[in-house]
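Remarks on the structure that follows.
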């Protein structure tokens, strides 16, 4: 049997992009992934197909598995010869009990490696606009467990030293003991008016920050309903939050937004959402596959010389057409003399990247506007090749035929139901954790409904954003209310619609 290996990986405080590059590599190579509730579920997408996922929970109120049982899981899987990645919130060795797991592995003779993570003790205050050190205020900080009961007879916390020091104090896992922590610090000499910050679910869309003082923070927490997971930060640096907060000021802060585009296209929209402070969740409703009758494209490429016009209605169409063109031993030289039409700027850019000039692009990116623009350009008897999706509407080819054109309507790809984690999608919607859903085509709408098993009521309270009127029409026909439609039928336009409408 092969020797197993265990990676103890810090997942960071919540924002999945705070995972280290090495941490992502460890997830990708794992045969078994053992994770807890503070590790973002979005990190699971790095796992390879067939990876065994083991959720071990761990919260102050309830443990799915006790620490001893987690140790046993790591040892058992390691002895089976598996590569195991233990994914822990924050850093494994900063109150993460990673030391205990390492000791268990050492005793069992299983090799392991520790991959440090971004600790919440520093990252969470930073996301709230609170630096743990500042040249004018303090040059030191201490990270303290808040899980120890400060009132017990024997304590490992030197309260008299912490209270008298001028540095910043960061308490982790301390919400249950907040009143006792404040009391101990005041009793040992800390000024009752010392600023205190409470940051719940730091670095995530749910992040909330409460600022008070030692003498009243417990009452404010009860009044505002703050609870775990949260960190407590004590010190003058808390006063900087009012001027330095940045994360909560972003236009899409607090918004969890579902992206339904095909996986290979989702990144542009997801990145835009993240840049604006939102949290995108990619659930591809569609997948791009070859058309049902690929011989039609083969025949069209063999007859390129007969066409005066070549019309592309999507980037997917451009990609599929030119892949087949190259496969058939041809290239852009075979398009000499052909006038090329693009439905929108993204399609135009995809063609220009192939060194092709565009003869026409409508100012409104839909089939009806292509027809208006080509009505005075396409002559009766000219041949037009439409390279588009198999399930595209009949509006464009029928209108071109009415102009007297010889139309070859050739499907170059088709869309099918995407391979999404349906269980996660249903859970997020069912728990009311989704702010918005974005649709970029009619097929994303139709297939999304299949993903949610036709239960449109799951979208109650969720704002729906559409890339354009055709997509919106499909959504409404299927019983989905569209909250906002992009003014420009592009990803940039959809992003602008999100910013304008997600909080309206």
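The values are calculated or read from the model by the stated rules, or taken from the named source; none is laboratory data. The shown structure was predicted, so the numbers you read here are calculated from the model rather than taken from an experiment. So basically every Cβ, Gly included, is an ideal-geometry build from the backbone, and we count neighbours across all protein chains shown.
Summary of computed values
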| read-out | value |
| --- | --- |
| Flag for residue 158 being out of contact with any strand residue (DSSP E or B) (no Cβ under 9 Å at 6 or more places or on another chain) and modelled with pLDDT of 95 or more | no |
| Which numbered condition residue 465 misses (of (1) more than 17 Å from residue 281 (Cβ to Cβ); (2) at pLDDT 95 or above) | (1) |
| Near pairs, Cβ below 6 angstrom, 6+ apart or cross-chain, from region 382-397 (surrounded by fewer than 23 Cβ atoms within 10 Å (Cβ to Cβ)) to any residue that is in a helix (DSSP H, G or I) | 383/306; 395/367 |
| Given (1) over 30 Å from residue 300 (Cβ atoms); (2) under 21 Å from the mean Cα position of the chain (by Cα); (3) touching a residue at least 40 places away in the same chain (Cβ under 8 Å), number of the condition residue 483 does not satisfy | (2) |
| Yes/no for residue 274 being in the same structural domain as residue 177 (by TED's automatic domain parsing) and on the phi < 0 side of the Ramachandran plot | no |
| Qualifying residue in region 207-214 (condition: assigned by TED's automatic domain parsing to the domain that holds residue 146, over 30 Å from residue 316 (Cβ atoms) and within 21 Å of the chain's Cα centre (by Cα)) | yes |
| Of all residues in region 67-123 being part of a loop (DSSP other than H, G, I, E, B) and more than 24 Å from residue 15 (Cβ to Cβ), the one that is farthest from the chain's Cα centre (by Cα) | 109 |
| Region 308-325: number of residues that are surrounded by fewer than 20 Cβ atoms within 10 Å (Cβ to Cβ) and either without any contact (Cβ under 8 Å) to a residue 12 or more places away in the chain or closer than 20 Å to residue 394 by Cβ (or both) | 1 |
| All positions within region 407-425 that are in contact with a helix residue (DSSP H, G or I) (Cβ under 7 Å, 6 or more places away or on another chain) and not in a loop (DSSP other than H, G, I, E, B) | 407, 408, 409, 410, 411, 412, 413, 415, 417, 422, 424, 425 |
| Condition broken by residue 41, with the remaining ones in (1) crowded, with 23+ Cβ neighbours inside 10 Å; (2) in contact (Cβ under 8 Å) with a residue 60 or more places away in the chain satisfied | (1) |
| Members of region 8-38 found to be buried (at least 23 other Cβ atoms within 10 Å of the Cβ) and in contact (Cβ under 8 Å) with a residue 60 or more places away in the chain, listed by number | 8, 9, 10, 11, 12, 13, 14, 19, 23, 26, 27 |
| Filter result for residue 122 (within 28 Å of residue 202 (Cβ to Cβ) and out of contact with any helix residue (DSSP H, G or I) (no Cβ under 9 Å at 6 or more places or on another chain)) | yes |
| Enumeration of residues in region 284-313 that are assigned to a loop (DSSP other than H, G, I, E, B) and touching a helix residue (DSSP H, G or I) at 6+ places or on another chain (Cβ under 6 Å) | 284, 285 |
| Among (1) touching a residue at least 12 places away in the same chain (Cβ under 8 Å); (2) in contact with a helix residue (DSSP H, G or I) (Cβ under 9 Å, 6 or more places away or on another chain) - the single one residue 103 does not satisfy | (1) |
| Any strands (runs of 3 or more DSSP E) falling wholly within region 167-260 and containing at least 1 residues that are touching a strand residue (DSSP E or B) at 6+ places or on another chain (Cβ under 8 Å) and without any contact (Cβ under 8 Å) to a residue 60 or more places away in the chain | 195-200, 208-213, 230-234 |
| Condition broken by residue 221, with the remaining ones in (1) surrounded by fewer than 21 Cβ atoms within 10 Å (Cβ to Cβ); (2) over 30 Å from residue 413 (Cβ atoms) satisfied | (1) |
